[in-house]
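*Asks:* Here's a structure for you.
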Amino acid sequence: MKTHPDSTIAPSSAAAWERAKKSIGGGVSSGLRAAMKPHPIFVDRAEGAVMWDIDGREYLDYIGGWGPMVLGHSHPGVLAAVAEVLPRMQMPGTGHVLEYEAAEAVLAAVPDAERLLWSNTGTEAVQIALRLARARTARNRIVKFVHAYHGWHDTVLASVAVHTTGERATPNTRGQNPRAVEDLIVLPFNDTEAVRRTLVNAQALDIAAVLIDPILNSGGGVEPDPEFLRTLRSCCDEHGVVLVFDEVVSGFRVARGGASERWGVTPDLWTVGKAIANGFSQSAVLGRAVLIDQVMDGVVHAGTYNGNPVALAAVKATMAAQAEPGAYDRLEQLSQRLRKGLADLFEWLGVPLRAHGVASVVGVSPTGRGGMEDLGRLNVELVHQGVLMIPRGEMFVSMAHSEEQIDATISAFEEACVAAGLTTGPSGTT
């Protein structure tokens with residue numbers, strides 16, 4: 001079995017992480033980045049589907065900024081739009097035409113939405129959506145699903161990594177106010193009967209909204225049962241509950257119009273982010289006018305950086321690029337090529353891993369007793385092969401990837417599986 005000492009992986013990145021830990025808590029700007037094995041990679045530049053670290057080493061990138069880079073890095077149209085607006089204004093704190101031009105472009109992609117509100121992060125957008133739902137219904141409680149992640153805020157960071165308490169929410173971080181999750185009701189994903197049983201008592205239970213990631217991304221990329229989504233819609237209609245799709249990850253990735261286009265179920269509110277601006281910090285709440293327009297009737301929606309013209313220039317350009325004929329067909333084909341190639345490889349090698357996911361989100365999950373340790377060893381060896389994926393096994397395919405790069409990635413996985421000692425099939429050595 002071929003192995004590599006950890007010190008041979010991106011030595012300047014290892015040194016950079018040690019230096020960063022002296023000034024930044026954990027040495028990273030977002031906690032999960034520290035989970036990369038054996039250490040975070042520090043990048044100097046990125047273009048298309050490729051990134052280069054501070055040692056100059058090249059990697060095929062499937063981290064994709066943790067989701068935003070649907071067009072690939074340094075997309076010329078996005079960079080040109082940003083470069084045009086940047087010398088003119090940065091944050092005027094007043095109205096500007098990009099606010100409505102970008103909004104019109106987003107709403108054109110999601111035609112069932114009538115209005116939107118600009119925000120900056122997915123966490124913020126979810127909080128705004130829940131406030132709108134509570135204001136509309138005069139109720140307080142929220143239904144969410146086991147293992148679904150809806151941002152780091154105390155009120156929704158529950159029953160994600162750990163869930164132990166039935167329909168009661170389990171807090172998921174030290175320092176979290178346990179009372180902040182008392183208004184959550186937690187149900188199993190894709191459990192149609194649990195939804196019916198709960199929502200029939202929506203008024204008595206004080207339920208304002210159902211909050212759902214239509215693809216259970218943080219729970220392993222589970223695809224929704226279409227009947228489950230249709231039941232959610234009909235039960236919410238029947239019992240006066242607001243249906244909120246949290247599409248911060250899946251929006252503009254599973255289809256141009258998101259999950260509602262792919263599965264034909266329209267929520268009352270959408271939260272979107274990540275792929276809306278191809279790497280620039282931007283999010284939004286989309287929805288029915290009767291909900292969104294509550295901001296003119298006592299519902300507070302605020303934020304100094306809301307509607308930043310630099311980010312909205314990126315949104316407008318990203319929407320234009322995504323609207324090009326065949327863009328999503330090609331993205332789907334590339335993603336299926338990677339998913340099937342990995343699935344066939346894992347079966348052939350007898351590797352305790354499975355390939356799964358929906359649309360341009362490809363997942364790699366452990367199936368054997370080695371669990372996350374197997375995935376960690378694989379990640380180390382993939383770095384040696386020049387491939388980067390998110391530590392928990394997510395891979396974001398972009399429109400900038402080529403078929404040749406997808407095939408090279410599958411070959412890199414073969415080498416990495418052998419080097420990590422995970423194989424028991426024809427190429428195995430264990």
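The values are calculated or read from the model by the stated rules, or taken from the named source; none is laboratory data. These numbers come from a predicted model, not from an experiment. Note that each Cβ is placed from the backbone with ideal geometry, even for glycine, and that neighbours are counted across all protein chains shown. Surface accessibility is based on the protein's heavy atoms, side chains included, excluding ligands, DNA and RNA. Shrake-Rupley method; radii C 1.70, N 1.55, O 1.52, S 1.80 Å.
*Asks:* State all residues of the range 8-29 that are open to solvent by less than 40 Å² (accessible area, probe 1.4 Å), without any contact (Cβ under 8 Å) to a residue 24 or more places away in the chain and assigned to a helix (DSSP H, G or I); if no residue qualifies, say none.
*Replies:* Matches in the range 8-29: Ala20, Gly27.
*Asks:* Name every residue in the range 236-261 that is over 15 Å from Leu130 (Cα atoms) and either surrounded by fewer than 20 Cβ atoms within 10 Å (Cβ to Cβ) or of a type in the set (Gly, Ala, Ser) (or both), in order of residue number.
*Replies:* Hits for the range 236-261 are Asp237, Glu238, His239, Ser250, Gly251, Ala255, Arg256, Gly257, Gly258, Ala259, Ser260, Glu261.
*Asks:* Taking Leu32 as the residue in question, decide whether it is open to solvent by 30 Å² or more (accessible area, probe 1.4 Å), farther than 23 Å from Ala408 by Cβ and more than 20 Å from the chain's Cα centre (by Cα).
*Replies:* Judged against the criteria, Leu32 is not a match.
*Asks:* To continue, here is another question. Sort out which residues of the range 153-162 are of a type outside the set (D, E, K, R) and open to solvent by 10 Å² or more (accessible area, probe 1.4 Å), and write them in order of number.
*Replies:* His153, Thr155, Leu157, Val160, Ala161, Val162 - these are the residues of the range 153-162 that are of a type outside the set (D, E, K, R) and open to solvent by 10 Å² or more (accessible area, probe 1.4 Å).
*Asks:* Also: Cβ-Cβ under 9 Å, sequence separation 6+ or interchain: first residue in the range 68-91 and over 19 Å from Trp52 (Cα atoms), partner polar (S, T, N, Q) and part of a helix (DSSP H, G or I). Which pairs?
*Replies:* Final answer for the pair search is Gly77/Thr318; Val78/Thr318; Ala81/Thr318.
*Asks:* While we're looking at this one, here's another question. Regarding Pro226, is this residue in contact with a strand residue (DSSP E or B) (Cβ under 6 Å, 6 or more places away or on another chain) and surrounded by fewer than 15 Cβ atoms within 10 Å (Cβ to Cβ)?
*Replies:* When the stated conditions are applied, Pro226 does not pass them.
*Asks:* Right, here's the next one. Filter the range 2-48 down to the residues that are of a type in the set (D, E, K, R) and either in contact with a Phe, Trp or Tyr (Cβ under 7 Å, 6 or more places away or on another chain) or at pLDDT below 90 (or both) and list them by number.
*Replies:* Answer for the range 2-48, where residues must be of a type in the set (D, E, K, R) and either in contact with a Phe, Trp or Tyr (Cβ under 7 Å, 6 or more places away or on another chain) or at pLDDT below 90 (or both): Lys2, Asp6, Arg33, Lys37, Asp44, Arg45.
*Asks:* Just to be sure before I move on: is Glu47 among the acidic types (Asp, Glu) and either over 23 Å from Gly279 (Cβ atoms) or in a loop (DSSP other than H, G, I, E, B) (or both) in the structure I sent?
*Replies:* Judged against the criteria, Glu47 is not a match.
*Asks:* Residue check, Ala400 against (1) under 22 Å from Ser218 (Cβ atoms); (2) outside any helix (DSSP H, G or I), all met but one. Which one?
*Replies:* (1)
*Asks:* I want to confirm something. Restricting to the range 335-353 and keeping residues that are in contact with a Lys or Arg (Cβ under 8 Å, 6 or more places away or on another chain) and part of a helix (DSSP H, G or I), which single residue is least open to solvent (accessible area, probe 1.4 Å)?
*Replies:* Phe346
*Asks:* Next question. So is Met372 free of Cβ contacts under 8 Å to residues at least 40 places away in the same chain and open to solvent by 10 Å² or more (accessible area, probe 1.4 Å) or not?
*Replies:* Considered against the rule, which asks whether it is free of Cβ contacts under 8 Å to residues at least 40 places away in the same chain and open to solvent by 10 Å² or more (accessible area, probe 1.4 Å), Met372 comes out as yes.
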